[in-house]
Structures are given as C-alpha cells and as structure tokens.
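Single-structure report; data block below.
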Amino acid sequence: MLFSYKATNSQGASISGKAEAADKVSLVALLRKQGLHPVVIDIDKSGKFQLFSKRKKVKLGDLVIFTRQLSTMISAGVPLARSLSALESDAENPYMREVISGITKDVQSGIPLGDAFSKFPNVFSEVYVNMVRAGEEGGILDDILKRLATQVEQDSSIRKKIKSAMMYPIVILCITIIAFFGIMLIIMPKLANVFASVGGSNYKLPVYTQVLLNISNFCARPTIMRALHLGFLKIPNLFFLLAIFAVIVFFLLRYIKTPKGQYQFHDLLLRIPVIKIIILKIAIARFSRTFASLMGSGVSVLDSLEVTGKALGNKVIEKELAAAAIEVKNGKPLSKPISESKHFPPIVSQMLVVGEETGEMDTVLVKIADFYEEEVSVLIDGLAAIIEPIMIVFLGAGVGLIAASVMGPIANLSKSIGSS
C-alpha cells in the first residue's frame, strides 16, 4: 500500500515523501528507524481511479537476477550505491527500475539497505528484508544475498510446476463449460422444435434427452425474473444465475482476505486430501529453507520463527509456529513443540533434534528443504499425469451423453418415419 507522509527529523526540519508499507503501523516503525518523527500519514490516492491502470509487479526471475548481481558486485568490492545505480540502468522491467531508483536514493541518503527494501513490500518479502538486515549487521551481506537468490529460485521453480500442472485441466474445464452452455442455449432449443414438429406432441423422448431439454428451457427462459416481478428485463435465467454466482464469489474472496476468513480458508485447504499433502510439503520446505537461512545469518531463534511463520503462506501453520516460539521462549528446544504439531511430520522434529545436538541446525534444515522440495516436484508431476486422463474421461463422458441425447431421438424418428 502506498502512503504519503510528513515527518520531522532530529534537527526539526520538515520532510515529506511517499513510501510503500503493509499498513500505517509498519510505516511509522520504518520512519522511526530512519530517525524521523511522523506527523501526518495518509493513503496515497494518486492514480487510484484509473480503471485500466496496469498493476505494477516484479517477476521472481527479475528478483533473482537483481539479487545475484547485487551479491556479485558487493563481493567484488563495488560500493553499494554504485552497485544499485548500475543495476538500475540494466533493469529491463520498468517498475523494477523505478524500485531500484528509490532504493538507491535512500541508500545515498544514509538509510540502511534493509529499511530501503522494506518500503516495497510488494517486491521484497518480510523474510527478504529481515535477512538483508541481518546480513548488514553481521557484515555478510554478499553471502546473504546468495542465499536469498537460491531461496527465490526454489520458490519460483515450485510455482512454475504448480501452474504447469494446473494449466491443462483448467483449459479443458473452461472449454467443457463453454461447450455445455453453448449446446444448452443454441442447439437444444432448435432440436426441441424439430422433435415437436416431426414426432408430434405425443412423442416420448428418452429420459436423458428430456432432462437436457428441461435444463435448456430453464437456462433460456426468464422464469426467475417473472417470479421476482422483473419480467420486463427479460434476462435468461443462465445469465441471472451467473451474475448471482459472480457476486457470491466476489464477497467470498473479500471475506477470505480478512484475518478470520483467511484462517478458515487455509484450515479448509488442510482438510482436502490431495491438496493438504501438497500444501504441507511446500510449507515444510519453505520453513526449513527460510529458517536455515535466517539462523545462518545470525538471526535469533525467536525472530527467525516469527519471520518464517509469515513466509509459509498458511495461517494455520503460522499459528502453530507462533505457539512453538512461546515454548522456545520458555526454555524448551524447538524440536519439542514441532514433534507435538498436527501438521509437521515426525522426520522434521527428528532432524531438528540432530541439528540441536550437533550445533548444525542450518545444515540439517537445508537437507530437509531439499528433500521436501524434491517430494513436491515428484508429487506435482504425478498429479499432472493423473489429472489429464481423468479430465479426458469426464469430457468424453459428457460428450457421449450429449451425443446420445441428440442422436438417439433422431434415430428413433428416422425409424418411425421409415416404417410409416
């Protein structure tokens, strides 16, 4: 979210500007870290009413390239501001160029790199920002950026596999729905007239043909409108029902974005058999790699758990990690609450015990992440291989039913006409 603000610095001078943040509280914390005292903070409404404005975003691939290049230049001893200026001129994405320009100006004015990144939460996640801050404090920023590039690449690879696996079923499903409604609204009414004119009023259609005709008649006629005394609109039931469905989906999506709705939605996903397995494996892989990166960067266990929980993408598991952080704060090892978790498998807690005993927690967690990322890859590939034939079977069954509903009565009419 973009905010405009007015603040005063330590000398009492007034400063105004714009910054992106998750909310006003986050922006206040960010400004205070920069030595500024916020006076006025408002949501920036410039360009808000542009109906067809293009949404600004940065692809994960662009973020990986930026992170790796910045890491290489810092390792080579190039000053940070100069590195950012060079990357700004090389960036192909216009919005990424705009983001780097803002970061460069902040760094040149003395703002830490992590705080500059935090102004663009739609580009740099909380995990990314916290790891950069840890790298700055520990003097190992180049190593941290290399870890971040690897982590972003892994996330990008998983997302691409999921999108690739879902593309074919979605296309087939959309074609099937469009074809079904096209047949219901265009073909079936014409066939109904043919059956009535040739077969007569006493001609009995097969049950499955009559069912399709009834559905077609209901979709085409504005019976619901008449029932609501809105018959003058003459909108077919199909479009009226689709409009109601769209409104329900709109408000459902709005509800899911609320904290309560988001938690309930994530809890529902963890109850669906196949989806549950995929979500858990992805969450465990993210937890292991992110937690390992933060621990390797020198971030404390409690801070690492807090940041990692927000990076998992599931509020239910995030709540479990928050509860685990409380137990760790009370003196228990992390492996103990993880072993009592409803969602983390026993192998994770067992590996954590090994990491705690050997003092190589980050190394053990990276191995867990590699294992579960491979599991996710295999699972998604297998799921894609299963979905394709299932969709073909359902599509074939639907086409067969429609063909039988149309050709059966026609064949019967042909026989009756030939015999007469």
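The values are calculated or read from the model by the stated rules, or taken from the named source; none is laboratory data. This structure is a prediction, so every number in the text was calculated from the model and none was measured. Reconstructed Cβ throughout: ideal geometry from the backbone, glycine too, with neighbour counts over all protein chains shown.
Within segment 79-101, the set of residues being of a type in the set (Val, Ile, Thr) and either within 26 Å of Lys161 (Cβ to Cβ) or in contact with a helix residue (DSSP H, G or I) (Cβ under 8 Å, 6 or more places away or on another chain) (or both) comprises just one member, Ile100. For segment 290-310, a residue qualifies if it is in contact (Cβ under 8 Å) with a residue 60 or more places away in the chain, in a helix (DSSP H, G or I) and crowded, with 18+ Cβ neighbours inside 10 Å, and the qualifying residues are Thr290, Phe291, Ala292, Ser293, Leu294, Met295, Gly296, Val307, Thr308. Can you confirm whether Phe195 is part of a helix (DSSP H, G or I) and at pLDDT below 75? When the stated conditions are applied, Phe195 passes them. Which one of the conditions (1) at negative phi; (2) assigned to a loop (DSSP other than H, G, I, E, B) does Gly313 fail to meet, given that it meets all the rest? That leaves (1) as the condition not met. If I ask for residues that are surrounded by fewer than 20 Cβ atoms within 10 Å (Cβ to Cβ) and either within 17 Å of Lys59 (Cα to Cα) or modelled with pLDDT under 85 (or both), which ones from segment 92-105 would you list? Glu92, Asn93, Pro94, Tyr95, Arg97, Glu98 - these are the residues of segment 92-105 that are surrounded by fewer than 20 Cβ atoms within 10 Å (Cβ to Cβ) and either within 17 Å of Lys59 (Cα to Cα) or modelled with pLDDT under 85 (or both). The residues in segment 125-146 that are among the hydrophobic types (A, V, I, L, M, F, W, C) and closer than 16 Å to Leu87 by Cα can be counted, and the count is 1.
Okay, residues lined up against (1) on the phi < 0 side of the Ramachandran plot; (2) in a helix (DSSP H, G or I); (3) more than 17 Å from the chain's Cα centre (by Cα):
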site	(1), (2), (3)
Asp115	yes, yes, yes
Pro121	yes, no, no
Val127	yes, yes, no
Arg133	yes, yes, yes
Glu136	yes, yes, yes
Asp143	yes, yes, yes
Thr150	yes, yes, yes
Ile158	yes, yes, no
Ala165	yes, yes, no
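Scanning segment 68-89 for residues that are of a type in the set (Gly, Ala, Ser) and in a helix (DSSP H, G or I) gives Ser71, Ser75, Ala81, Ser83, Ser85, Ala86, Ser89. Applying a threshold of 6 Å to beta carbon distances and a minimum spacing of six or more residues, or different chains, the list of pairs starting in segment 124-148 at a residue that is polar (S, T, N, Q) and ending at one that is crowded, with 16+ Cβ neighbours inside 10 Å reads Asn130/Val307.
Inside segment 77-95, residues that are aromatic (Phe, Trp, Tyr) and without any contact (Cβ under 8 Å) to a residue 12 or more places away in the chain make up a count of 0. Remark: Glu318 falls outside the filter, which requires a residue to be under 30 Å from Tyr168 (Cβ atoms) and of a type in the set (Asp, Glu).
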